[in-house]
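Q: Before we start, here is the structure in question, set down as structure tokens.
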Amino acid sequence: MNAGTFKDTSVFPDPTYKETVLRPLFDGAKDHHVEGFRLIDRAHLVMLHETGILTIEQARPIAQALEAIDREIDVSALTYTGEVEDFFFLIEKELRKRLGPDLAGRLHTARSRNDIDHTLFKLGLKHRIDPLLERMVRLAETLTAVAERESNTLIVAYTHGQPAQPTVFGHYLSAVLETVLRDIARLEAARDIVDRSPMGAAAITTSGFPIDRDLMARLLGFSRPLQNSYSCIASIDYITSTYSAIELTFLHLGRFIQDLQFWTSFEVGQVYVPNAFVQISSIMPQKRNPVPIEHMRHLASQTVGRAQAMLTIMHNTPFTDMNDSEGESQGFGYGAFESGGRVLDLLTALVPALRINPDRVRQNIRRSCITVTELADSLVRREGLSFREAHEIAAEVARTVVAIEGDIAVDGYDAFHESFERCTKRRTAIDKAQFAEIVSPENFVAVRDRFGGPAPKALAQAIAGYKQEIAGIRARMSESAQRAKSSAQDLQSRFTALLGA
């Protein structure tokens, strides 16, 4: 056939295309972005009028029609028919029915679905990031309070899955807290990228009309416009930044959760989970299963997987506006906020309920000789030995005590005395009572009073710093919420003026 005579007689949309692409996109917009569309239409109309692009005689009937559409159409009951391409064109169709094609078409002056879409997606992310940040801050506050409560509670700290040194539970929780605070900072940084308005970029290069991008940003509750118009529709780092921060947050929390799983095991048993968080076995009467920890672990992993999938979707996509970053991908990513929020809520409830089992901690400290590091340190300070020589003496003491399943404070002095004389060719000045004090877990913690250590003063200073940092986060969140409230009130006031009410 001659290519010049070819005629396309197909009818849009193809039924398969309609069901596999257009309907899911329409349903996604209906489920997630109706309010965003509403705000963008109203803000854009206000901006078009206040810049003189539309007269009051043009803007007022459009405002009244938008108001009528909101009042008369139950969006939740809408079903995609294929009569229009997507939700955007549905609203335009409704405007045309009420106003005619000329007046209805003026609302789309100086904008494109490109800048509309990315603005919608940023609004959708902001409305999800803020509650997630609130949950993370509540967890940080909880960790701070429990760390302070447990600042003198001894635990066994592990490295490589083996007992390593004694510390206090408050010191351990403070380590988790510091990571949470850094994760909050990463999510705040991502939110700052999200908080820049793409509106006014139009398709790629802005517009020849005298639009006011700053006004649009303010009316929609953004902190400012994103400057480069190509970047507005091409740089999807607002997506990758957000989901990178989420992925890291729940990867890090998963490690803490796994420690709780290990520490609550029968063999370790240094953490007790109260009955409110325990399920029983259907067949084994003796079982206490702290299954909320398992649920947090798999939900954290699901969140990591969803966030990581969003990064994979963006990988090797062209630097331009493209569907890979849009409707269905956005909806898929929202699942990370849902599962992640459940983890944060449950962890915030569980942490204050945890209690350390002091008897098991004492037993594990005794069995593992984990205070012997301080014996080596004390030999350096008190006896003037090199650390390597002191380490060899301490190691020999630990081997002897572990071999007899003894208690280093009670059973270790004779082995120490003998080893010291053999290695140094002199007698030690450390007597039995001093030895017992040196190898006690309380002394181990107390002498580690350097910056960042577990001793009471150092830990109290750290906790005071965490409280101050959290207060700063709270202040920024409050300022952001107030700005959003003021923007919403400003838009409503200006739109109401357009209505002539």
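The values are calculated or read from the model by the stated rules, or taken from the named source; none is laboratory data. All values reported here derive from a predicted model rather than from experimental measurement. In this analysis, Cβ positions are derived from the backbone assuming ideal geometry, glycine residues included, and neighbour counts consider all displayed protein chains. Calculation scope for accessible area: heavy atoms of the full protein, side chains included, ligands and nucleic acids excluded. Shrake-Rupley method; radii C 1.70, N 1.55, O 1.52, S 1.80 Å.
Q: Tell me the carbon and sulfur percent of the accessible area for the chain, rounded to whole percent, probe radius 1.4 Å.
A: Percent of accessible area from carbon and sulfur atoms in the chain: 53.
Q: Measure nothing but the geometry: give the 0 to 90° angle between the long axis through the Cα atoms of 327-350 and the longest principal axis through the Cα atoms of the chain, rounded to 10°.
A: Between helix and principal axis, roughly 30 degrees.
Q: Something else about it: Could you state the number of Å between the C-alpha centres of segment 273-310 and segment 36-64?
A: Distance between centres, Cα-based: 51 Å.
Q: Taking only C-alpha pairs under 8 Å that are 6+ residues apart, what is the relative contact order of segment 1-142 in percent?
A: 31 percent
Q: I've got another one for you. With a 1.4 Å probe and all protein chains in place, put His127, His33 in order of accessible area, largest first.
A: I get His127, His33, largest accessible area first.
Q: Here is a further query. Tell me, in nm to one decimal, what length is gained between Ser265 and Ser10 on full extension, where the rule is 0.36 nm per residue of separation less the Cα-Cα distance?
A: Gain in length upon complete extension: 85.3 nm.
Q: Of the GluC sites (Glu not before Pro) in segment 399-501, which ones lie in a loop per DSSP and count no more than 16 other C-beta atoms within 10 Å? Write out the running numbers ahead of the final one.
A: On the way: sites: Glu405, Glu418, Glu421, Glu437, Glu442, Glu469, Glu479; in loops: Glu405.
Filter output for segment 399-501: Glu405.
Q: Averaging over every viewing direction, what projected area does the convex hull of the Cα atoms of the chain cover, in nm²?
A: Computing the convex hull of the Cα atoms and averaging its projections yields 35.2 nm².
Q: Okay, moving on. Return one number: the angle in degrees, 0 to 90 and rounded to the nearest 10, between the long axis of the Cα atoms of helix 413-424 and the longest principal axis of the Cα atoms of the chain.
A: 80 degrees
Q: Given the -39500 (n - 2.57) contribution per DSSP H run of 4+ residues, what per-residue ellipticity at 222 nm results for the chain, rounded to the nearest 500 deg cm²/dmol?
A: After summing the helix terms and dividing by the residues of the chain, the value is -21500 deg cm²/dmol.
Q: What FRET efficiency comes out for Gln286 versus Arg381 if R0 is 45 angstrom and r is the Cβ-Cβ distance? Round to the nearest 0.05.
A: 0.40
Q: Would you kindly state how much longer the chain becomes between Arg23 and Phe451 on full extension, computed as 0.36 nm times their sequence separation minus their alpha carbon distance, in nm to one decimal?
A: Here the segment from Arg23 to Phe451 would lengthen by 148.2 nm.
Q: I'd like the orientation of helix 23-32 relative to the chain: the angle between its Cα long axis and the longest Cα principal axis, in ° from 0 to 90, rounded to 10.
A: 70 degrees
Q: Which value results when the Cα radius of gyration for segment 123-273 is divided by 2.2 N^0.38 Å?
A: Numbers: Rg = 21.8 Å, N = 151, 2.2 N^0.38 = 14.8 Å.
Computed over Cα atoms of segment 123-273, the ratio equals 1.47.
Q: Mind jotting down the distance between the C-alpha centroids of segment 335-360 and segment 453-487, whole Å?
A: Centre-to-centre (Cα) distance: 21 Å.
Q: Can I ask one more? What shape does segment 277-427 take by its C-alpha gyration tensor, where a ≥ b ≥ c are the square roots of the eigenvalues and a/c under 1.5 counts as rounded, a/b above b/c as prolate, and the rest as oblate? Present the calculation step by step, with values, prior to reporting the outcome.
A: Details: a/c = 4.62, a/b = 2.08, b/c = 2.23.
In terms of gyration-tensor shape, oblate.
Q: Follow-up. Using each residue's phi in segment 136-142, evaluate 6.51 cos²θ - 1.76 cosθ + 1.60 at θ = phi - 60° and report the 3J(HN,Hα) Karplus result to the nearest Hz, with x for Gly and Pro.
A: Values per residue, Gly and Pro as x: 5, 5, 4, 5, 4, 5, 5 Hz.
Q: Any idea of the accessible area per residue across segment 415-495, 1.4 Å probe, to the nearest Å²?
A: Working: 4670 Å² over 81 residues.
Counting only protein heavy atoms, the per-residue value for segment 415-495 is 58 Å².
Q: Multiplying the sequence separation of Leu78 and Arg362 by 0.36 nm and subtracting their Cα-Cα distance, what value in nm do you get?
A: 95.8 nm is the gain from fully extending Leu78 to Arg362.
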